[in-house]
Each structure stands twice: as C-alpha cells, then as structure tokens.
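Chemist: Can you keep this structure in mind? I'll have questions shortly.
We did not get these values from a lab; they are worked out from the coordinates using the rules stated. Fair warning: this is a prediction, and the values are worked out from it, not measured in the lab. We place every Cβ from the backbone using ideal geometry, glycine too, and count neighbours over all the protein chains shown.
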Amino acid sequence: LPMVLSGSAEPCAQLVVSSIGVVGTAEQNQRHSARFFDVLTAQLGLGPERIIIRFFPLEPWQIGKNRTVMTFL
C-alpha cells in the first residue's frame, strides 16, 4: 500500500504490536523496539529511519477467543 513516512513515499514499513502484559512500559518497549528494528532492517533492507513501530498494550478483556474473552481462559 502507498505510505508516506517523514514526508517521503520511499519504501517504508510500519509494525503494529499488540500484546497482553508484554508491552506497555518505556523500558519494555525500548528492548522490543531494538530487536524488531534489527530484524526488520536486515529482512527488509530498509534504514531504521524508514520504519515505525506502534505498541498497543491490551487488557485480557479486550481480546476475544473461543466465544469468550482472554480474562476467562
């Protein structure tokens, strides 16, 4: 899909990470970010300035599975 990052339509990527209890603090996300950037730059051949990562912490009641929510699984 066409995407503009920092005013440029050059190749870029966006990674969205949603998780229960794994993302949320700056310290956690800084560690995750470093690892994701290592993989994404190597696999996609993009510079880190062309990648953006968005972290979304979730609560168990926000995820449905097997006709219920994760709270009850």
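Chemist: In nm, what is the difference between 0.36 nm times the number of residues separating Ile53 and Gln30 and their Cα-Cα distance?
Modeler: 7.2 nm
Chemist: Express as a percent, rounded to the nearest 5, the fraction of DSSP beta bridges in the chain (both residues included) that run antiparallel.
Modeler: Counting DSSP beta bridges with both partners in the chain, the antiparallel share is about 25 percent.
Chemist: How tilted is helix 26-44 with respect to the longest principal axis of the chain? Cα atoms for both, answer in degrees (0 to 90, nearest 10).
Modeler: That works out to roughly 50 degrees.
Chemist: Run the Debye formula on the Cα coordinates of the chain, all scatterers equal and no solvent, and tell me log10 I(q)/I(0) at q = 0.16 1/Å.
Modeler: -0.69
Chemist: Go through Ile53, Thr71, Gln30 and say which Cα lies farthest out towards the positive end of the charge dipole of the chain; charges sit on Cβ, +1 for Lys and Arg, -1 for Asp and Glu.
Modeler: Thr71
Chemist: Still on this structure, I have one more. Contour minus end-to-end for Arg67 and Glu10, with contour as 0.36 nm per residue of separation and end-to-end as the Cα-Cα distance?
Modeler: 16.3 nm
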